[in-house]
Structure formats: C-alpha cells, structure tokens
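**Student:** Have a look at the structure that comes next, please.
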Amino acid sequence: MSGTNGYQSTKLNKNRDVRKRSGIKTDLTGMQHPGAAGQHSRTASSDAAQRQRSRTASSDVAQRQKRAGDGREQTEYRRYENGSGKRTQMPRDSRRARERYRRRRRKVLLMQISFLLISVAILTALALLIRHTIEKKEAMEPAAAAVEEEIKNVLADVTDDRVSVSKYYVYGTHLNLEGTLTAEKEIQSMELLLVDDAKGVSSEETDDTSSSASAVDEAERIYTLTKTIGEDGSYAFQTSANINDGVNLENIPDGNYCMLLRAAYSDGTHAYYSLTDASGEQAITYYTLTKDNSNQKIQMSFAQDTDGTNLNYLEVNVAKSALPDDVYDIVIDAGHGGKDTGASGNGYTESELTLQYAKALKSALEDKGYKIKLTRDGSEPADENMAYTMYDEDGRVSIACRSGAKYCLCLHLNSNAEKLTRGGVQIYCSIRGNGDFAKLVADGIVADAGTGYSNMQSDRVTDGVYAAPYSEKGISKNVATAEKYGYTPYDYSGVDSLFMIRELGGIATGAFVDGRDTRYGSNEYRNSNTGVETLLIELGYISIDEDLKNIISNQKGYVKGIVDAVETQVENQKTS
C-alpha cells in the first residue's frame, strides 16, 4: 500500500506540475485518495494563493510601467513643445500621443504659413503705398502748375485797382462779403463772379444783374451785390442784406475758382476787380450738407499772384470729401438741463421733455442720412446749473460752435404766467437773416402735429415765425444788471436777444459774450467767421393743457414735421 501510495503521489505531482506549466487550473480536491486528502487540500490552497500573488505582482508591475511610460511621454512632449530639449521619438504604441503630435505639428505649420502670408501682404501694401505717393506727387506738381497758370490767365483781364474786403464769413450754408470800391466813374451795378480757373472770364457783355449761376456763361457764377455810395464817393457793397443769403455753397461743382468783382459803369463799359483782404479773418474750410452719402470740402482764402500780375484774389477750391469725425450736418440743442429745468407744468419739466424730443429727432434725421450732434444727452450732473456753464468747454454753446454744423435746432417749451387758452408753435430765427427755414419748420409742425400757430404778436414776422431783438425794457434790465455786478454793459443794439441764436453765429450775428460778466464765462467763438444758422423752436406751451397733452402724446407728429422741413430746406439749397 505504501508503495502504491507513493507512486500515485509522485504521479499526481508530476501531472500537476505539467498542468501548472501549461497554465491549466487544477482542483486537487476532486482527486479521490483516502490517505492523502488533507495534504492535497492544503497543497491546492497554497498553490491558489501563490498564483493570486503572482497575478497581483504582475498587475502592479504593468501599472508602474504604464505610469512610467505616460510620464516619459508627457516629459518628452513638454520638452518638445517648450523647445528646451532634444526632439525624441514618440511612443510607437500610443495612438493618442501620435495624434496629439500631428495636431501640434499642423498648428505650428499653419502659424508659420500665416505669418509668412501676413508679412508678404504688409510688404506689398507698403510698396503700393510708396508707389501711389510718388505717382500722386508727380501728378500734383503739373496740376498745381496748371492751376497757377489758369489763375494768371483770369487775372490778366483784371484792372490794377483792388477791392477792399472788410468782412467775409459763412453763416449756415452761405458765404457773405462786405467791402468798398473807389472808382472814378459812376457805377451802375456791381456783381461778384466766381470764375472757373480752367475756363477764364467771359468776354460777353450783359445787362442781366440776376444772381442766376448761368446768367452769362458756365465759366462764371454770378451774384448781384447791393451797393451804397458813401460821402467820399466810394461804393460800399455786400453780397446780401440777409446773413443767410449770398453765395450758396451747397451747389458749386468741384473745381478751382477765383472770385472777382465786376463793375458796370453808366457809360456802358465794365471792369473786373480783384479782391484784397482787409478783414484779417482766417481762411474758411466748409463741408457741405450730406446728400446721398456725399459731401464736398470747400476751402476759401485770400492769395496773391506773386509770379505774374501781383494781384490779390480770393480763391475757392471745391472737391468731394468725406466728413471728418468732428464735423456734423446739424446740431440739436435740448433746452436747459441739469439743475436748470426750465419751465414746468402738470408734473413735467421743459428740460425733461426737450431731451426726449432731441433724442427722437436725432434718430429720425440720422435715418435720413444726416450726421447729428447733441449738445446734451442727459448725462449731465443733476446739480449742475447749465445756465451758467454754456460757455465752458463742454457747455452747450461751445459744443454747438465747434461741431462744424450748418444748422442748429434748439428745442424749447413756452410758458406764460397768464392763463392762456390757446398756445401754438413759435419758431425764432436771427433778426439779421430771412425766415425762410423757420417758416418751413413752423408749417411742417402745424401740418404733421395737429397744432396751430401761436397768436402772440410780439416779435412776430409771419405765421409761426418770430425774430427777437432786445426791447427797450430788456436793455434797461441788462444795464441795471451790469451796474449791479460792476461791469460795462454790452452793446445790445441790432443783435438777437436769444443767446443761442446770437452766440452761435459769430461775427455774422454779432456774438458778444466776452466774459465781463464773470457768472457766465466767455464765448471763445464770438469772433468766428463761421457761424451756425440757428432756429429756436418753441413746440408749444407747457402751461396750457391742450398744448402739453399734444406734445406728450404726439411726439412722432412734431418730429416728422421738423424732419420734413429739414429735407425741404436741404433740397432747396442743393438745387437753387
């Protein structure tokens, strides 16, 4: 038995070793050997535990190797990306790593290509710019020489006598000149000629003294001058008695022009005179109103033909140009503001309602293509008394004057201590100009807003149009104020009493605020020869229930009436 048992045990052990080497699991508890059952059971358990430990150890080794591999990959990629080490071979068995590598290589390549293309584009643009500059300079030199030659040809027909221009300015859309001429013969009529340098002075005679631009020849644009004879026999002239008439700057074709004066004598002869500056005014740069997204730049200045006739003349150069960032077509002034609330009634204030109207009007005019500036937008401090800051750098007058605008629309609401039953529209214009634009605005509001003309008679020009000089009572009040605060009173004769109309017009309207009344400061634009034509629009009476109700509920009607009037005014200027 013992031999047999020893043989069987040895045989089982050999079989087990064979199965173990071949990876086959063996359950020794399934063997039927009565004498060795316990031993076999313990041996099987020991082998199973050993295999489990072997598998655990193998798994730990694999995980350590994987972590080490990931660390090497990350280290290699970091080294590659930062350019701080030698380029190493990517792990062959990592698809994700290889894909990241390819993406980064593509990204670097695209960046290099983009940089190269941008560099080429910049160099090409610089080369083209240099070439364009050179070509432009070469083209301008003969053009400038040609213009000078054309001016000489024009001035060749001019007498040596010169006309002295004592004042020249632009108000709104019109240029005006004032001056004197001394002549030995009696002058029957005087005309201002805008002569195209390229075409010269017309040789034709005419008795037509109309201001039609085509009255004589397309080479000349003719403007009739008003004249008076002084005690010394000299002739004083001006382009118009109204500051918003004269030379319309909105309908001059592009070109280079020379401005001359033509005098027709009583004996049937005529002579041309050049213009010399005796005003000391600055050159004027004017931008036309926007029409069909187009503008012109007009430069006006006195010059002298030093290479030929040695005559002085007024040159006018007109060319298409975009509006600069700081130049506008129209400026809108919402009356009062800040602590200065203006009139009030039924829980509403003038400053609040006019600001709402100003913003709505700005939007509507911008929709028509105009460039609009506001003098205030509601961001002013509530405790600022804007009645005393209007001449500050950011004050309403200063903003409007430096806007380069042709027109200013000042929005206000009227009030009256008396219990009136009827209100209506009042449009104020300068006492020195005509009321044509003001009439358009008054008629437009009445037609579109369902309101009426004011029946107030004081300062009335026509239905809805007013012009307000200083009254005797107003002058007396201002003189008393000057005495109280210790300054010399201003000269209030022949000027507008409404400060926005007067002070925005410069020398055209006789602006005068020079700071002598220290409460208000000084208007630095009072001597400007470029003025903004200003209308003060009294929409209605805040103190009259019917007017106030209509103003609050019918804003669109009022705005439409004003916009329609502006459109008509601009069209008239462009085509007249």
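**Student:** Carbon and sulfur together cover what percent of the accessible area of region 219-268 at a 1.4 Å probe radius? If you can, show how the numbers build up before the last one.
**Tutor:** Working: 840 of 1810 Å².
In region 219-268, the share of accessible area belonging to carbon and sulfur is 47 percent.
**Student:** Roughly to the nearest percent, how much of the accessible area of region 343-471 is carbon and sulfur, given a 1.4 Å probe? Intermediate results must be reported in sequence, preceding the final value.
**Tutor:** Numbers: 2440 of 5470 Å².
Here carbon and sulfur together make up 45 percent of the probe-accessible area.
**Student:** Residue-wise, which Karplus ³J(HN,Hα) couplings in Hz belong to region 285-290, taking 6.51 cos²θ - 1.76 cosθ + 1.60, θ = phi - 60°, and x for glycine or proline?
**Tutor:** With coefficients 6.51, -1.76 and 1.60, one gets 10, 10, 10, 6, 5, 5 Hz.
**Student:** Something else now. Apply the a/c threshold of 1.5 to the C-alpha gyration tensor of region 363-489 and tell me whether it is rounded, prolate or oblate.
**Tutor:** Cα axes put region 363-489 in the oblate bin.
**Student:** What does the accessible area of ARG162 come to, in Å² to the nearest 10, when a probe of 1.4 Å is used?
**Tutor:** Estimated to the nearest 10 Å², ARG162 gives 100 Å².
**Student:** Which pairs in the list LYS473/LYS556; LYS167/LYS297; LYS297/LYS439; LYS227/LYS362; LYS227/LYS406 are over 32 Å apart, alpha-carbon to alpha-carbon?
**Tutor:** LYS473/LYS556; LYS227/LYS362
**Student:** Let me ask something additional. Would you pull out the residues with amide H under 5 Å of ALA183's amide H, same chain only if 5 or more places away, H placed 1.01 Å from N?
**Tutor:** TYR235
**Student:** Kindly identify region 260-388 as rounded, prolate or oblate by the Cα gyration tensor criterion: order the square roots of the eigenvalues as a ≥ b ≥ c, call it rounded if a/c is under 1.5, otherwise compare a/b with b/c, prolate if a/b is larger, else oblate.
**Tutor:** Because a/c hits 1.5 or more and a/b exceeds b/c, region 260-388 counts as prolate.
**Student:** If packing is taken as the average number of other Cβ atoms within 10 Å across a peptide's residues, how do 287-298, 114-125 rank, most packed first?
**Tutor:** For the peptides 287-298, 114-125, the packing ranking is 287-298, 114-125.
**Student:** Under the classification rounded if a/c is under 1.5, otherwise prolate if a/b is larger than b/c and oblate if not, where does region 492-576 fall, given a ≥ b ≥ c as square roots of the Cα gyration tensor eigenvalues?
**Tutor:** Because a/c hits 1.5 or more and a/b fails to exceed b/c, region 492-576 counts as oblate.
**Student:** Just the accessible area for LYS477, please: 1.4 Å probe, Å², rounded to the nearest 10?
**Tutor:** 150
**Student:** Let me ask something else about it. Any idea of ASP160's accessible area? Nearest 10 Å², probe 1.4 Å.
**Tutor:** 110
**Student:** Still on this structure, I have one more. Could you list the GluC sites (Glu not before Pro) in region 217-277 that lie in coil according to DSSP, counting only those with at most 13 other Cβ atoms within 10 Å of their Cβ?
**Tutor:** Passing sites in region 217-277 are GLU218, GLU231.
**Student:** Can you order the peptides 238-248, 274-284, 336-346, 537-547 by their average number of other Cβ atoms within 10 Å per residue, highest first?
**Tutor:** 537-547, 238-248, 336-346, 274-284
The values are calculated or read from the model by the stated rules, or taken from the named source; none is laboratory data. These figures come from a predicted structure and were not determined experimentally. Note that we place each Cβ from the backbone using ideal geometry, even for glycine, and neighbour counts take in every protein chain shown. Just so you know, the surface numbers come from the protein's heavy atoms only, side chains and all, with ligands and any DNA or RNA stripped out. Shrake-Rupley method; radii C 1.70, N 1.55, O 1.52, S 1.80 Å.
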